[in-house]
Amino acid sequence: MASIDLSTIIKAYDVRGTVPDPFSPAVAEAVGAAFARVVVLPGAVEGVRPEVVIGNDMRDSGPALVEAFARGLTAAGVDVVRIGLCSTDGLYYASGARNVPGAMFTASHNPAIYNGIKLCRPGARPVGEETGLAQVRELAQTFLDEGLPAAVEVPGTVSEVDLLGDYAAFLRSLVDLSGIRPLKVVVDAGNGMGGHTVPAVLGTGAGLPALPLDVVPLYFELDGSFPNHEANPLEPANLVDLQKAVVEHGADLGLAFDGDADRCFVVDENGRAVSPSAVTALVGLRELAKEQAAGLADGQPVTVIHNLITSRAVPELLTAAGATTVRTRVGHSFIKAQMAEHGAVFGGEHSAHYYFRDFWFADTGMLAAMHVLAALGGQEHPMSALAEMYEPYVASGEINSRVADVPAARARVLDAYRAAYPGVEVDELDGATVSHWEGQPRWWFNLRASNTEPLLRLNVEAADADVMEKVRDDVLALVRQDGGEPA
């Protein structure tokens with residue numbers, strides 16, 4: 001039987017595929033063997049046994065895939081430390097705290113039939129297409145096609161350790177919630193790993209002292225079939241249950257986590273979704289203030305990273321407070337690279353990924369949620385009033401259009417706006433960003449092509465709703481002019 005083509009499941013950032021075909025235990029073992037030789041062994045310290053930490057989410061296929069991946073590592077002489085059920089940021093904690101490479105088995109919010117692997121170097125540094133994943137894919141393909149190499153004379157060992165309590169204590173050391181006013185918070189875990197981590201971090205599940213939080217759990221039962229709704233809070237339909245519960249319980253706010261609990265979305269006391277851009281500004285300002293209070297900012301730039309489709313309010317508010325902001329392309333690999341390059345204290349994306357210098361430049365939705373709780377509980381105003389401070393403009397959200405000819409549709413839009421607004425600013429850092437922010441009325445939009453489908457993704461922001469809606473509708477009409485349709 002011909003081997004599978006690993007390029008179908010090992011892409012730019014991670015491994016992702018349906019189980020068991022094409023993502024089988026044999027594939028996991030080959031990837032483990034390749035990871036050992038490409039990443040783990042070359043970075044090992046002489047005289048110290050190389051080690052990898054492995055965690056998995058609640059999917060039924062996880063344990064068998066982890067076991068196979070571990071076989072590939074131990075046969076190469078690498079010790080394996082299994083930390084069991086964890087969130088993706090829980091795995092990053094393990095990699096950072098132990099300073100060893102890691103592997104997280106998760107497919108995030110994908111349906112139950114999927115699983116995947118997120119790989120990292122010591123200190124939770126990502127392994128992507130340009131930082132080792134392409135070589136892992138190539139070598140794993142060779143192992144699948146030609147057979148695995150013989151095991152070393154002294155294979156690695158496998159041990160198990162529970163780091164949930166250490167993870168929870170570490171997060172609490174970064175944000176102190178003990179002195180906030182009492183808050184009632186509804187948390188929708190979507191049957192994902194938030195149901196495992198929230199009781200430990202925000203409750204007493206890991207033996208930590210109680211916080212002034214009344215947590216109302218929603219779908220905390222770990223179930224990789226996601227029986228209640230898809231564990232992807234970026235889709236508005238998946239927030240409906242949380243929004244309803246927040247209002248019914250008279251809660252102060254709601255939190256929604258995705259399947260592997262590395263992203264967090266916020267809902268105010270009225271059930272309204274708070275923009276991830278507002279959360280980026282709020283958390284960024286808190287991290288900046290912490291640096292300034294500690295005297296660390298004296299004469300030194302405090303940098304915050306944001307991607308190019310976050311609100312213009314993010315750089316405006318942060319710059320006014322004394323931060324240096326860096327605008328980057330969409331995607332966690334770009335954010336993490338810029339975080340490390342600039343030593344940035346914080347980074348945020350429109351997709352509700354939040355990155356922290358104090359968390360090894362990795363993303364953690366839980367830490368962002370704790371910052372929101374601290375900000376809300378440290379003053380008397382409701383969440384809606386707090387969020388309003390960081391949301392002065394009106395955004396469309398991301399709108400996808402399926403088109404037959406992506407380059408032609410994109411060119412049609414740019415030609416029309418250059419003709420209608422002579423001198424309009426256009427930059428192509430990621431797709432095309434057309435900006436009329438220095439003129440009147442103030443608006444900008446970004447049009448990006450999907451890497452995998454014939455889609456154009458539109459984001460629009462303006463100073464008021466009428467302008468945003470007009471720009472949105474005009475651009476969509478141009479995009480879909482030649483038979484395009486919503487996607």
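The values are calculated or read from the model by the stated rules, or taken from the named source; none is laboratory data. This structure is a prediction, so every number in the text was calculated from the model and none was measured. Cβ placement follows ideal geometry from the backbone for every residue including glycine, while neighbour counts extend to all protein chains displayed. Side chains included, ligands, DNA and RNA excluded: accessible areas come from the protein's heavy atoms. Shrake-Rupley method; radii C 1.70, N 1.55, O 1.52, S 1.80 Å.
Quick check on my filter: what residues within region 440-451 are outside any strand (DSSP E or B) and over 17 Å from Ser311 (Cα atoms)? Walk me through how you get there before you give the answer.
Residues of region 440-451 that are outside any strand (DSSP E or B), as a first pass: 440-442, 450-451.
Gln440, Ser450, Asn451, listed by residue number.
Quick grid of which residues meet (1) buried (at least 22 other Cβ atoms within 10 Å of the Cβ); (2) in a helix (DSSP H, G or I):
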site	(1), (2)
Ser333	no, yes
Ala344	yes, no
Gly347	yes, no
Ser351	no, no
Tyr355	yes, no
Met366	yes, yes
His371	yes, yes
Leu376	yes, yes
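If only one of Ala33, Ala76 is modelled with pLDDT of 95 or more, over 25 Å from the mean Cα position of the chain (by Cα) and in a loop (DSSP other than H, G, I, E, B), which one is it?
Details: Ala33 fails: in a loop (DSSP other than H, G, I, E, B).
Result: Ala76 is the single residue among Ala33, Ala76 that is modelled with pLDDT of 95 or more, over 25 Å from the mean Cα position of the chain (by Cα) and in a loop (DSSP other than H, G, I, E, B).
A quick yes/no check of all residues on (1) in contact (Cβ under 8 Å) with a residue 12 or more places away in the chain; (2) within 19 Å of the chain's Cα centre (by Cα); (3) closer than 30 Å to Phe334 by Cα:
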position: Ala112; (1), (2), (3): yes, no, yes
position: Ala134; (1), (2), (3): no, no, yes
position: Gln141; (1), (2), (3): yes, no, yes
position: Glu146; (1), (2), (3): no, no, no
position: Gly156; (1), (2), (3): yes, no, no
position: Ser173; (1), (2), (3): no, no, yes
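Could you please find all residues in region 36-70 being among the hydrophobic types (A, V, I, L, M, F, W, C) and modelled with pLDDT under 95? Break it down into steps so the answer makes sense when it comes.
Here is the first cut: in region 36-70, the ones among the hydrophobic types (A, V, I, L, M, F, W, C) are 36, 38-41, 44-45, 48, 52-54, 58, 64-66, 68-70.
Selection gives Ala44, Val45, Val48.
When only residues in region 191-218 that are touching an Asp or Glu at 6+ places or on another chain (Cβ under 6 Å) and farther than 14 Å from Gly365 by Cβ count, which is most open to solvent (accessible area, probe 1.4 Å)?
Leu218
Output the number of residues of region 453-466 satisfying the condition of being in a helix (DSSP H, G or I) and either in contact (Cβ under 8 Å) with a residue 40 or more places away in the chain or at positive phi (or both). Give the steps one after another, and end with the answer.
Going residue by residue through region 453-466, those that are in a helix (DSSP H, G or I) are 465-466.
Among the residues that remain, those that are also either in contact (Cβ under 8 Å) with a residue 40 or more places away in the chain or at positive phi (or both) are: 465.
The total comes to 1.
Can you tell me which residues in region 1-17 are outside any helix (DSSP H, G or I) and surrounded by fewer than 17 Cβ atoms within 10 Å (Cβ to Cβ)? Break it down stepwise before answering.
So the first thing to find is which residues in region 1-17 are outside any helix (DSSP H, G or I), and the list is 1-5, 9-17.
Result: Met1, Ala2, Ser3, Asp5, Ala12.
Scan Thr325, Thr319 and give me the residue that is surrounded by fewer than 24 Cβ atoms within 10 Å (Cβ to Cβ), modelled with pLDDT of 95 or more and either part of a helix (DSSP H, G or I) or within 19 Å of the chain's Cα centre (by Cα) (or both).
Working: Thr325 fails: either part of a helix (DSSP H, G or I) or within 19 Å of the chain's Cα centre (by Cα) (or both).
Of Thr325, Thr319, the one residue that is surrounded by fewer than 24 Cβ atoms within 10 Å (Cβ to Cβ), modelled with pLDDT of 95 or more and either part of a helix (DSSP H, G or I) or within 19 Å of the chain's Cα centre (by Cα) (or both) is Thr319.
Among (1) assigned to a helix (DSSP H, G or I); (2) of a type outside the set (Phe, Trp, Tyr); (3) under 25 Å from Tyr167 (Cβ atoms), where does Ile305 come up short?
(1)
Results for (1) in contact with a Gly (Cβ under 8 Å, 6 or more places away or on another chain); (2) of a type outside the set (D, E, K, R); (3) within 29 Å of Asp241 (Cα to Cα), shown as yes or no for each residue.
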site	(1), (2), (3)
Asp166	no, no, no
Leu171	no, yes, yes
Ser178	no, yes, yes
Val186	yes, yes, yes
Met193	yes, yes, yes
His196	no, yes, yes
Ala200	yes, yes, yes
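So which residues in region 400-431 are assigned to a strand (DSSP E or B) and buried (at least 17 other Cβ atoms within 10 Å of the Cβ), if there are any at all?
Going residue by residue through region 400-431, those that are assigned to a strand (DSSP E or B) are 400-402, 425-427.
Of everything in region 400-431, those that are assigned to a strand (DSSP E or B) and buried (at least 17 other Cβ atoms within 10 Å of the Cβ) turn out to be Ser401, Arg402.
May I ask you to verify whether Ala297 is small (Gly, Ala, Ser) and either open to solvent by 60 Å² or more (accessible area, probe 1.4 Å) or at pLDDT 95 or above (or both)?
Details: small (Gly, Ala, Ser): yes; either open to solvent by 60 Å² or more (accessible area, probe 1.4 Å) or at pLDDT 95 or above (or both): no.
So Ala297 fails the test.
Assuming Thr364 fulfils every condition listed in (1) closer than 26 Å to Gly259 by Cα; (2) among the β-branched types (Val, Ile, Thr); (3) without any contact (Cβ under 8 Å) to a residue 60 or more places away in the chain apart from one, which condition is it?
Unmet for Thr364, out of (1) closer than 26 Å to Gly259 by Cα; (2) among the β-branched types (Val, Ile, Thr); (3) without any contact (Cβ under 8 Å) to a residue 60 or more places away in the chain: (3).
Looking only at residues in region 432-453 that are within 30 Å of Arg16 (Cβ to Cβ) and open to solvent by 50 Å² or more (accessible area, probe 1.4 Å), which one is modelled with the highest pLDDT?
Per the stated criteria, the residue is Ala449.
Filter region 433-487 down to the residues that are under 30 Å from Lys11 (Cα atoms) and of a type in the set (Ser, Thr, Tyr) and list them by number.
Thr433, Ser450, Thr452, listed by residue number.
Considering only residues of region 454-475 that are open to solvent by 40 Å² or more (accessible area, probe 1.4 Å) and within 26 Å of the chain's Cα centre (by Cα), which is modelled with the highest pLDDT?
Checking each candidate, the answer is Arg457.
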